[in-house]
1. What spacing in nm lies between the two simple spin-label points modelled at ALA139 and THR62, each 7 Å away from Cα in the Cβ direction?
2. Can you give me the P(r) profile for segment 124-229? Cα pairs, bins 5 angstrom wide beginning at 0, each as a whole percent.
3. Using 0.36 nm per residue of separation minus the Cα-Cα distance, give me the extension gain between ARG42 and ASP192 in nm, one decimal.
4. Report, in debye and to the nearest 20, how large the dipole of the chain comes out about its Cα centre when Lys and Arg carry +1 and Asp and Glu carry -1 on their Cβ.
5. Which aspartates and glutamates have a Cα lying under 13 Å from the Cα of LYS179, excluding residues fewer than 8 positions away in the same chain?
6. In whole angstrom, and with the biggest value first, how far do the Cα coordinates of segment 278-360 range along each principal axis?
7. Project the alpha carbons of segment 180-325 onto their principal axes and report the range along each, largest first, in whole Å.
8. Tell me the accessible surface of ARG172 in square angstrom (1.4 angstrom probe, heavy atoms of protein chains only), to the nearest ten.
Amino acid sequence: MAVLLACAAAAVHAAQTADYRVTPVASGLAFPWSLAFLPDGRMLVTERAGRLRLIEPAADGTLRLRPAPVEGLPPVLVRGQAGLFDVLVDPDFAANGRIYLSFAHGSRSANHLRVVRARLDGTRLREVEPIFTAEPAKAHDQHFGARMALLPDGTLAVGLGDGNVERTDAQRLDTHWGKTVRIGRDGRVPADNPFAGRRDARPEIYSLGHRNPQGLVYVAADRALYAHEHGSKGGDELNRIVAGANYGWPVATGGVDYTGARITPYTRLPGTEAPLAEWTPSIAPAGMAYYDGPLFPAWRGSLFVAALKERSVRRVPVAGGVPGPQEILFRELGERLRDVRAGPDGALYLLTDAEQGRVLRVTPR
């Protein structure tokens, strides 16, 4: 597969004019992490602090945050980086009312990433059922990954971080950490998973060698699953996820340790996939969306990458699976951006990463 390595300093430009308008939708959210759209016009937003919230249309046509959280959420471990993470709406929600949630489960010394499916009944979750729990339990409260994406065959992909305890877990097939996993929407393991049937491997594993992936989106136009992941000090990556492929962490990376020490002498190794794009210095990519809406014709066919450290969103046009020159957007906000979503109305939505976080709507000026 042909790939293009795009270092951050090359082929990147900042937005020259603000040809968009940013409008607050909701505020006062405790580190909002993910946003999902319901077919009736409501939105679900997760707070890392362990609450699921509803944003609802008001009588005057505006959107308002419902004061009380959604009830019936399972227990969530909230500590450090641990908390409630992603929310995903089932494509058949109108008929079954199902949503999917990923979150930290367990204790600080023995925790997992867990995925549940549940039925949203008004403002309460019912029939909450775990469909995936990462194994084995890990210590400490870092690098959960936790983004989810629906694939066209009806299966569910989930990105998992390496736990930041034993990095080499990302290269081992007997652990879920540092992997992309693929499961059925009921939790069953697809028979065509690349390591299914191997006694030395967890059957849910779809790809390996990841550090902390927090962006995951399937693009039908490219028939591709794209993911991005945090590097350490540099080496943030955008990847095209291929079944059974190894993405190198920690034996091949463009980053170094936070102390400045070398993690590995190799930036590339045979048998590992090179990233489509790499960001050094780190931008801290945290969420991702694909835009193909009607409001911004110039943005169509682009991946949008929310960046915590850079306090921006990177627009990455993708043609034939190859990324083009990047554009840096929304730096004028001066806020860490946790997630970016393309709404069914054609607008772009941003989540700010703060103790008093916000949901913002981007429309043409």
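The values are calculated or read from the model by the stated rules, or taken from the named source; none is laboratory data. Keep in mind it's a predicted model, so treat the numbers as computed, not measured. Neighbour counts run over all protein chains shown; Cβ positions are idealised from the backbone, glycine included. Note: accessible area is taken over every heavy atom of the protein model, side chains too, but ligands, DNA and RNA are not part of it. Shrake-Rupley method; radii C 1.70, N 1.55, O 1.52, S 1.80 Å.
1. 5.1 nm
2. The percentages, shortest bin first, are 2, 13, 23, 23, 20, 12, 5, 1, 0.
3. Details: separation 150, 0.36 × 150 = 54.00 nm, distance 3.59 nm.
So the extension gain works out to 50.4 nm.
4. Magnitude of the dipole: close to 340 debye.
5. Within the straight-line limit of under 13 Å, LYS179 reaches these aspartates and glutamates: GLU135, ASP162, ASP169, GLU204, GLU229.
6. Computed over segment 278-360, the largest-to-smallest principal extents equal 38, 33, 18 Å.
7. Its Cα atoms span 49, 41, 25 Å along the three principal axes.
8. Around 100 Å² of this residue is reachable by solvent.
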